[in-house]
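Below is one structure, written out as structure tokens; the observations come after it.
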Amino acid sequence: MNSNQVMRILEAALLTSREPMSVSRLRALFEDQVGPDTLRQLLESLRETWKGRSVELVALASGWRFQTAADVSAFLGSLHPDKPPKYSRAVMETLAIIAYRQPVTRGDIEAIRGVTVSSQVIKTLEDRGWIETIGHKEVLGRPALLGTTRQFLDDLGLESLSQLPMLDANRGIADLLDSQHGAESDHRHPGENPNHPQPIQDEHSLVDPVRPPPEEFVAHEPTQG
């Protein structure tokens, strides 16, 4: 099988997939006869082929997918009237703290925000698939350490945590979520309607602004499949 045939199969698989496809999953299409490095090179070639078109190929934390280009997605909003929920400030601030300071405990979040973190805030983020328990801190009570998920990065259209916006983290995450909802919905399969949890109402404010982690901090990165 030559490279052109492999690229055609990759293109067809990605165009018809409802979710990002990892390199290992794409390799399975060829019964692992195509090596991972070769496959990544062909994916990069395919990305270049589609560059500048209305639909583009992007690499995310959990794999590759086609999505509507940012410059045209705004014009297609009327085709998909469903809107993403507007999460409360408390939810977005908590998400930003976890994203930029992970791994963190609930107590760490409360120390930064200066207020008690509602269980509903954590549950909302867990139900959405944006955060998860990635370990336990070795102190009295062994509190859970929270980190972000591959789904979080996918929903922001990012491949790794290093691509998070560095300025005004809370606003930056909200902006990315809004823009990615448009890109995803414009390339959604007919009849598909994602089930978003309802936002909660909480008007607590952030006491200590969220800052990027220090250089020596090693964030929890999802492993590429």
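The values are calculated or read from the model by the stated rules, or taken from the named source; none is laboratory data. Here the structure is a predicted model, which is why all the values come from computation and not from measurement. Neighbour counts run over all protein chains shown; Cβ positions are idealised from the backbone, glycine included. SASA here: full protein model, heavy atoms, side chains in, ligands and nucleic acids out. Shrake-Rupley method; radii C 1.70, N 1.55, O 1.52, S 1.80 Å.
Counting only residues that are open to solvent by less than 70 Å² (accessible area, probe 1.4 Å), more than 24 Å from V117 (Cβ to Cβ) and among the acidic types (D, E), how many does region 141-167 have?
Within region 141-167, residues that are open to solvent by less than 70 Å² (accessible area, probe 1.4 Å), more than 24 Å from V117 (Cβ to Cβ) and among the acidic types (D, E) number 1.
Scanning for something surrounded by fewer than 18 Cβ atoms within 10 Å (Cβ to Cβ), assigned to a loop (DSSP other than H, G, I, E, B) and in contact with a strand residue (DSSP E or B) (Cβ under 9 Å, 6 or more places away or on another chain), does region 124-139 turn up at least one residue?
The answer is yes, given that some residue of region 124-139 is surrounded by fewer than 18 Cβ atoms within 10 Å (Cβ to Cβ), assigned to a loop (DSSP other than H, G, I, E, B) and in contact with a strand residue (DSSP E or B) (Cβ under 9 Å, 6 or more places away or on another chain).
Could you tell me whether region 24-40 includes any residue that is under 30 Å from L146 (Cβ atoms) and within 23 Å of the chain's Cα centre (by Cα)?
Yes, region 24-40 has at least one match.
Would you check if there is a residue in region 27-48 being polar (S, T, N, Q) and under 24 Å from E126 (Cα atoms)?
No, region 27-48 has no match at all.
Just name the residue that is least open to solvent (accessible area, probe 1.4 Å) out of those in region 41-89 that are β-branched (V, I, T) and in a helix (DSSP H, G or I).
The qualifying residue least open to solvent (accessible area, probe 1.4 Å) is V72.
Could you please give the count of residues in region 140-164 that are part of a helix (DSSP H, G or I) and touching a His at 6+ places or on another chain (Cβ under 9 Å)?
2
Could you please give the count of residues in region 105-123 that are in a loop (DSSP other than H, G, I, E, B) and either open to solvent by less than 70 Å² (accessible area, probe 1.4 Å) or in contact (Cβ under 8 Å) with a residue 40 or more places away in the chain (or both)?
5
Name the residues in region 9-33 that are aliphatic (A, V, I, L, M), open to solvent by less than 20 Å² (accessible area, probe 1.4 Å) and farther than 20 Å from V55 by Cβ, would you?
Answer for region 9-33, where residues must be aliphatic (A, V, I, L, M), open to solvent by less than 20 Å² (accessible area, probe 1.4 Å) and farther than 20 Å from V55 by Cβ: just V23.
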